[in-house]
Amino acid sequence: MKAKKICNRLNKAIEEKKNIYGFIHSVHKRAFNIMTSEFKLISVMNCEHSMAPCSLMLDREENFVSLGIEQGMRVIIFEELIDIPQVSLAIDLMEAQPWDPTPKFVVDKAKRSEIAERIAIVEKCIYEFGRFEGIAPLVLRVNIRKSGEGFVHSQANYNKYCKFIEKKFLRLIDHLQEDRLKEAAKIAKKIMGFGPGLTPSVDDVLVGIMLSLIYFLHYIGEDRLEAKLLSEEVLKAVKNETTAVSFKMLTFASKGETNEDIRQLLIDIFSNNRKEKLIKSLKKVLTFGASSGTDIICGIYLGCSIMINKYEVKSDVCSS
């Protein structure tokens, strides 16, 4: 079994450390996670997955459950291979190509007037192609834009998660709109880990919000301190409140890092790419997990909408 790609940061760390010991944290058909003291979680994925920070991808499809890999099994990571002795499984790392997890910001930017239109496309795709097992129906009822444009698809039926979390979630959005970041982090702490899925819905939405703020602020050429402060406050508040997999995603999102398909989606929102390319990226990410892809896109949608509103407000103030 061979690795096709490996996160370059992970690859460098393995080369420096030589021998790393860990255990199987969780196993799924197309991926499994290794817990180590050095890197926390390392994800091993078959070729159907897209690359992500601190992960490696195999050169073929594989069902890891059928291979007999189980939670708690010992793992040894050498410079040249990953060994799981209990199932006599080794993954060759020697020919794996490095993959860069850092954000790729847009050079050929879309016009500012087009961004709101693209976010309306995001909303429409959530409504038409999204999965509503999580809190997407609640997100689609949030009205952020002062003009009332967009956010028109409010007919998605509430599920039990939406009903239970509505008041706290709306308070979170209010705090974000008013730049009350510490208060937003406190609310986030109360609702982290909530919702269905390996990475719960609220966590996925927060990942999307963090990523969208970083990309939006870079797009308009402003200091990213706001995004950095929010990320720091959220990570501080939720460290022990959610799953290890979710906390890993949040940690990377705080630096603008995510898997390559979500990164491409962010590029398509802010770049001069054709809108058909944006829709293709949206449809791809919307298929992730039971509802994770939809919930992450909902977070991107919320974060961008908050920033669009702030930008319009600033423009009004400057022009008055």
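A short reminder: the numbers here are calculations on the coordinates, not readings from a lab. Predicted model, so just to flag it, every value in this text is computed and none were measured. Positions of Cβ are generated from backbone atoms using ideal geometry, with glycine treated the same way; all protein chains shown enter the neighbour counts.
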Between helix 112-129 and the chain: long-axis angle, C-alpha atoms, 0 to 90°, nearest 10: 60
Counted charge near residue 211, where neighbours are those whose Cβ lies closer than 9 Å (Asp, Glu -1; Lys, Arg +1): 0
(1) 15; (2) 19; (3) 32, with the label sought being that of the calculated percent of Cα pairs over 36 Å apart: (2)
Charge context of residue 190, other residues only, Cβ under 12 angstrom, K/R +1, D/E -1: +3
Extended-chain gain in nm, criterion 0.36 nm per residue less alpha-carbon gap, residue 128 and residue 112: 3.2 nm
Cβ-based charge dipole, the chain, positive-most Cα from 300, 103, 162: 162
Residues of type aspartates and glutamates that residue 104 reaches as a straight line, Cα spacing below 17 Å, ignoring anything fewer than 8 places off in the same chain: 222, 223, 257, 260, 261, 268
Distance-filtered residues of the range 32-51 - backbone nitrogen under 13 Å, label point 7 angstrom along residue 67 Cα→Cβ: 32-34, 43-48
Whichever aspartates and glutamates have a C-alpha closer than 14 Å to that of residue 190, once near sequence neighbours (fewer than 8 apart) are set aside: 166, 203, 233, 241
Nearby lysines by direct alpha-carbon distance to residue 189 (threshold 29 angstrom, same-chain neighbours under 8 apart not counted): 40, 146, 160, 163, 167, 168, 228, 236, 239, 248, 255, 310
Selection from 136, 215, 279 lying farthest towards where the dipole of the chain points positive, charges on Cβ: 136
Length released on extending from residue 290 to residue 94, taking residue separation times 0.36 nm less the Cα-Cα span: 67.2 nm
Estimated FRET transfer efficiency when R0 is 25 angstrom, pair residue 47-residue 158 (beta carbons, to 0.05): 0.10
Charge dipole (debye, nearest 20) of the chain; +1 at Cβ of Lys and Arg, -1 at Cβ of Asp and Glu: 680
Helix 201-219 axis, angle to the chain major axis (alpha carbon atoms, nearest 10°): 70
222 nm mean residue ellipticity, helices alone, for the chain (DSSP H n ≥ 4; -39,500 (n - 2.57); rounded to 500): -15500 deg cm²/dmol
Separation of alpha-carbon centers, the range 1-56 and the range 60-139, rounded to whole Å: 12
Formal net charge of residues neighbouring residue 99 (Cβ-Cβ distance under 9 Å; K, R +1; D, E -1): -1
